[in-house]
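To keep things clear, I will list the structure first and then write my remarks on it.
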Amino acid sequence: MQYLTTIYKIENSEKLLQQADGLIVGIKNHSTRETSSLSVLEFEKITAITANLNKKLYVSFKMMLHEPSVVEFNNLIKSINDLPFTGYIIGDIGYYYLLKETGKDIIYNPETLLTNTYDLNTYFDLGIKGTFISKEVNFDEIKTMLTNKKGQLFMTGHGYLNMFYSRRLLLNSYLDEINKTHDYHHENMRLKEEKRAPLHPIIEDQYGTHVYRSEVTSTLDILDDIDNLDYLVIDSIFHDDDYALDILNLYKNDLDLNQVSKLQEKYNETWDTGFLYLKTIYKV
């Protein structure tokens, strides 16, 4: 199993890559919910670093693909595709048809759609190199997918999971409704439900509104059982590169329960197992 991590600053690349097998980055005006938003020149610099170290580098496009952005997106790909990086992570299957002739690996991450082996292998048969396991499937289902997969499987192993994404600018609409001015694009905001205690991180950008789980999802409990997973992703959103390095050290070295408690206290966050041990059922 290899480890990928998000990154904030290019100057921390080599430090992170001492522990990680690769990086995931965003491109300015084309990526959302990423810790980095690189210009093309900055992206060129980081491709040189990862290529020199023989490490993986993926560009992430999680946003929904809309017709007005296709031409600009194609121009971006023409400007970066010849650089030495591994591939693209896409959230909308439409990107596949724009990227399939690039010669780069294409990794499909719709976040909630790939919940069974048939779905995974359908996309592998289509020509997609790798897919992310959906965040809502449980441990037994993950084991089945790992046994029967035809291609590379990725999984978000640690971090805040996005649980809601709307293309609409909901914070903007709400603040307009109550006639309040707020610089919410540049502040860490939390959403409080009326009948529930947890605070959910919330982001709004040009691509819409994004709400996260209140707890950090951790896969420390199952590492030994998913060693045939191809890539485990550490997402450091809402933190920094030091956080990513701390988490990588924890996951890649012998698990120390005391260290787990210290890190949760250091970063003032709660970790849980997400959906790993929840049964997949419907109730009417």
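The values are calculated or read from the model by the stated rules, or taken from the named source; none is laboratory data. Since the structure is predicted, the reported quantities are computational estimates derived from the model, not experimental observations. Positions of Cβ are generated from backbone atoms using ideal geometry, with glycine treated the same way; all protein chains shown enter the neighbour counts.
Within segment 181-188, is even one residue assigned to a loop (DSSP other than H, G, I, E, B) and within 23 Å of ILE234 (Cβ to Cβ)? Taking every residue of segment 181-188 in turn, at least one turns out to be assigned to a loop (DSSP other than H, G, I, E, B) and within 23 Å of ILE234 (Cβ to Cβ).
Filtered by the rule that a residue be touching a residue at least 24 places away in the same chain (Cβ under 8 Å) and of a type in the set (Asp, Glu), segment 1-51 gives GLU14, ASP21, GLU34, GLU42, GLU44.
Candidates in segment 95-109 are the residues that are surrounded by 15 or more Cβ atoms within 10 Å (Cβ to Cβ) and not aliphatic (A, V, I, L, M); of these, the one that is farthest from LEU153 (Cα to Cα) is THR102. Check segment 216-236 and report whether any residue there is at pLDDT 95 or above, touching a helix residue (DSSP H, G or I) at 6+ places or on another chain (Cβ under 8 Å) and in a strand (DSSP E or B). So far as segment 216-236 goes, yes, one or more of its residues are at pLDDT 95 or above, touching a helix residue (DSSP H, G or I) at 6+ places or on another chain (Cβ under 8 Å) and in a strand (DSSP E or B). Taking the stated definitions as given, is GLU193 free of Cβ contacts under 8 Å to residues at least 24 places away in the same chain and outside the structural domain of LYS150 (by TED's automatic domain parsing)? Answer is yes for this residue. Residues of segment 74-102 that are aliphatic (A, V, I, L, M) and in contact with a Ser or Thr (Cβ under 9 Å, 6 or more places away or on another chain): ILE77, ILE80, LEU83, ILE89, ILE90.
Scanning segment 62-69 turns up one or more residues that are of a type in the set (Ser, Thr, Tyr) and over 21 Å from THR6 (Cβ atoms).
Going through (1) farther than 27 Å from TYR160 by Cβ; (2) in a helix (DSSP H, G or I) one by one, TYR96 falls short only on (1). Within segment 248-284, track down each residue that is at pLDDT below 90, over 16 Å from ILE222 (Cα atoms) and in the same structural domain as ASP140 (by TED's automatic domain parsing). Matches in segment 248-284: ASN258, GLN259. Counting only strands (runs of 3 or more DSSP E) wholly contained in segment 114-174, no element carries 1 or more residues that are free of Cβ contacts under 8 Å to residues at least 40 places away in the same chain and outside the structural domain of TYR96 (by TED's automatic domain parsing).
Candidates are the residues of segment 197-224 that are buried (at least 18 other Cβ atoms within 10 Å of the Cβ) and charged (D, E, K, R); the one that is nearest to GLY274 (Cα to Cα) is ARG213. The residue that is surrounded by the most Cβ atoms within 10 Å (Cβ to Cβ), counting only those in segment 238-275 that are in contact (Cβ under 8 Å) with a residue 60 or more places away in the chain and part of a helix (DSSP H, G or I), is ALA244. Go through segment 237-267 and give me each residue that's out of contact with any Asp or Glu (no Cβ under 9 Å at 6 or more places or on another chain) and of a type in the set (Phe, Trp, Tyr). Matches in segment 237-267: TYR243, TYR251.
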